[in-house]
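Inspection log for the structure reproduced underneath, given as structure tokens.
Any read-out appearing in this document is the output of simple, stated calculations on the displayed coordinates, not a laboratory observation. Please read these numbers as outputs of a predicted model, since none were measured by experiment. Note that we place each Cβ from the backbone using ideal geometry, even for glycine, and neighbour counts take in every protein chain shown.
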Amino acid sequence: MTLWDKSINAFAPVRLVAAYVAGHAVHELASSIASNKSNDRVLSGTDRFFKTRVTMHSAASATITTCDDASKFELVNRETGIVDPTFSNPPDQQYMFYTFQMIQQHGYWAISDASGVTLPDPRAIPCQPLRIPPIA
């Protein structure tokens, strides 16, 4: 994911990313790079993964699930540093559930596909922050 994010901010695949991104994920990365490049925006802030688990594993493939806290994540204009007004991260979409399909490639584990869901999908519920009601 570090190389993925660096590639988006560089507006081109960075060195070694091809060793860690394969299959359908290559197209997803290229699409993300193209979209951000056309809008002159880069990733900013904090994007935190938690509750990460390997849910399936074999010699050639694995499935990883994780929660993503993007509550402090933004897309900003590369030149001005101003938050992109077309990007909004509504509260019900700040905490996502991701599934990463991994494959063995050149001796490394590579992301071959990734998918994420937000509320109201029930898979995103365990990723939501604990909401404590106010004391009356």
Looking at 30, 62, which is the one that is within 28 Å of residue 123 (Cβ to Cβ) and touching a Phe, Trp or Tyr at 6+ places or on another chain (Cβ under 9 Å)? 62
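Residue-wise test of (1) within 18 Å of residue 3 (Cβ to Cβ); (2) surrounded by 18 or more Cβ atoms within 10 Å (Cβ to Cβ); (3) of a type in the set (A, V, I, L, M, F, W, C).
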{"position": "58", "(1), (2), (3)": "no, no, no"}
{"position": "77", "(1), (2), (3)": "no, no, no"}
{"position": "81", "(1), (2), (3)": "no, no, no"}
{"position": "98", "(1), (2), (3)": "yes, yes, no"}
{"position": "101", "(1), (2), (3)": "yes, yes, no"}
{"position": "104", "(1), (2), (3)": "yes, no, no"}
{"position": "109", "(1), (2), (3)": "yes, no, yes"}
{"position": "120", "(1), (2), (3)": "no, no, no"}
{"position": "123", "(1), (2), (3)": "no, no, no"}
